[in-house]
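First the structure, in the form of structure tokens, and then the observations on it.
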């Protein structure tokens, strides 16, 4: 769901009843559209440590973060072989601070 598109839909519906309120909603959608995404704690290529074991990943083992497939989900790869393990939520991992 795109919040900007949703706000614009709401603004069009509200415009039938209150144009001032509709304009405020449109301005809010412009502000949202102009904001940048916050930097992630884990980025593509980072070494990460599993803290939450599940099928396919093991607690304490070091992996490599791959591409983001949707917010808070990344492809996870084996550090040594580079083989794809799967797609997991990032709250199952922490950066490998020993790598820095």
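Nothing in this text is a laboratory measurement; each read-out follows from the coordinates by a stated rule. Computed from a prediction, not measured in an experiment: that's the story for all the values here. Using ideal geometry, Cβ is built from the backbone for each residue, glycine included, and neighbour counts are taken over all protein chains shown.
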Nearest 10 degrees is fine. How inclined is helix 19-34 to the longest principal axis of the chain, computing both from alpha carbons? 20
Percent relative contact order for the chain, counting Cα pairs under 8 Å at least six residues apart, stands at 20
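How large is the Rg to Rh ratio of the chain when both quantities use alpha carbon positions and Rh follows Kirkwood?
1.25
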Model label zone, residue 5; criterion: amide N under 18 Å from point 7 Å along Cα-to-beta-carbon; scope region 47-91: 70-71
Within region 67-83: backbone nitrogen closer than 15 Å to the residue 43 label point (7 Å, Cα to C-beta): 67-68
State log₁₀ I(q)/I(0) for region 47-99 at q = 0.31 Å⁻¹ as given by the Debye formula over alpha-carbon point scatterers of equal weight, solvent excluded. -1.42
